[in-house]
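Values in this text are rule-based calculations from the coordinates and carry no lab data. Keep in mind that what you see is a predicted model, and the values were worked out from it rather than measured. Quick reminder, even Gly has a Cβ in these numbers, built from the backbone with ideal geometry, and neighbours come from all protein chains shown.
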Amino acid sequence: MKTFLSMKSVLIIMSLSAVILVTSCSEEKTTNPTPTPTPSLYDRVGGTTMVQDPSNPGMMIEKGRLTLRSVVDSSIFVIAADSRMAKYFPVLFAELGAGSTTGLSRLSKNFTDFMCFATGSKTYSYSGLNMKAAHDPAQNSRIPMKINASDFDAFVGDIGIGLAKNGVNSENNAALVNDLVALLNTTKADIVQQ
Amino acid sequence: MSKVQQEPIKRKYLTVKRLLFIGSSFFLILITIMAVHIYQVTTPKSDGFVNSNLQLARIDFSGELSVKEQQSIESYVKSLPGIKSTFMNTSANVLVYTYILESVQILKNKKSNNESVSEAIVRKINESGIYNNTIRAERYMVNNTTAGSCPINGKQLSLYRKIGAMMHNILD
């Protein structure tokens, strides 16, 4: 009788264990795991992690914005030194020559805003002219002529140099470079109007 | 002349005097408003912008520079007090540099402005002896006719610019 009872107990325990095991296994099979969201380009260049802003002592800035701002500022340098580009920025150069820096800082801010927004930032938005209007001399008096395709490609190349100046190039991060270039190329149809 | 005849003349004189006073006061107020406006327009605005007082200038070289000369020129300009950063376009022999006007100490005994700083840097490069005499550094300037219609953008010697510069000299 005692042996029978102990056998019964063992059987109950085994059945319960089997039930628990099957249930737990079946739960794993039926649960849809939450897919890991694909990081946006903005996340890949630093995202929303807050860091010290080297240009604003005591202020914090999202790492993604800081990266993009650095790339934009470096690229402005490259573009300013590119004779193919200079013809599109006479107003900016004239302002600088006359001692006004407002246009330069506004260009840096607008371009950075645009890049943040286009790469997927949820913090920053772009409130400037749309790409078509911004590059149409009839709608934007700061641009003297329509842009042609080869100059647009030269511009993208200059952004590539700006990226390289910030330590990102095709050798060490081809995926990021390609994705940023692809992003810029999505604006080509609106920017090239000649 | 009788006292009765003198009275209207005196009154007329007082009216003219009053009108002149009101007119000149009004004119003075207008001039002040305009001067303040020009000062505000020609002052770099911060508005949350980063590096809002950062100046950018470009120097073009008239001949081919060797890689060593390009590096020497860039290092030389970078070493000048007040220069923030530089970039040399090696294929086009073009140098771009940035600076903050207030921190540039390139001119002695002279209040700096953008034009004088740029000219001084170009002169220093040409006198540095880094390259031979056949090559000249030139400050890049845009043609005024393509520079747009905004009064602060275009002609460097416009009345607007002169008043702005004068106001900055007085108030800064």
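Determine, for A:44, A:69, the number of other Cβ atoms within 10 Å of each Cβ, and report the residues in order from fewest to most.
Exposure proxy ranking, most exposed first: A:44, A:69.
How many nm is it between the label spots at residue A:56 and residue A:175, if each spot is 7 Å from the Cα in line with the beta carbon?
About 3.1 nm, to one decimal.
Could you calculate the FRET efficiency of residue A:40 with residue A:129 from 1/(1 + (r/R0)^6), where r is the beta carbon distance between them and R0 is 25 Å, rounded to 0.05?
0.55
Mind computing the radius of gyration and Dmax over the alpha-carbon atoms of the range B:54-141? Å is fine for both.
12.2, 37
Could you line up B:135, B:29 from fewest to most neighbouring Cβ atoms inside 10 Å?
Ranked by crowding around the Cβ, least crowded first: B:29, B:135.
If you take every residue apart from residue A:116 with its C-beta less than 11 Å away from the C-beta of residue A:116, what net charge results, scoring Lys and Arg +1 and Asp and Glu -1?
So the surrounding residues net to +2.
Label-point separation (nm) for residue A:141 and residue A:183, each offset 7 Å from Cα along Cα-to-Cβ?
The two pseudo-label positions are separated by 3.3 nm.
Which value, to two decimals, describes the C-alpha radius of gyration of the range A:41-191 once divided by 2.2 N^0.38 Å?
1.03
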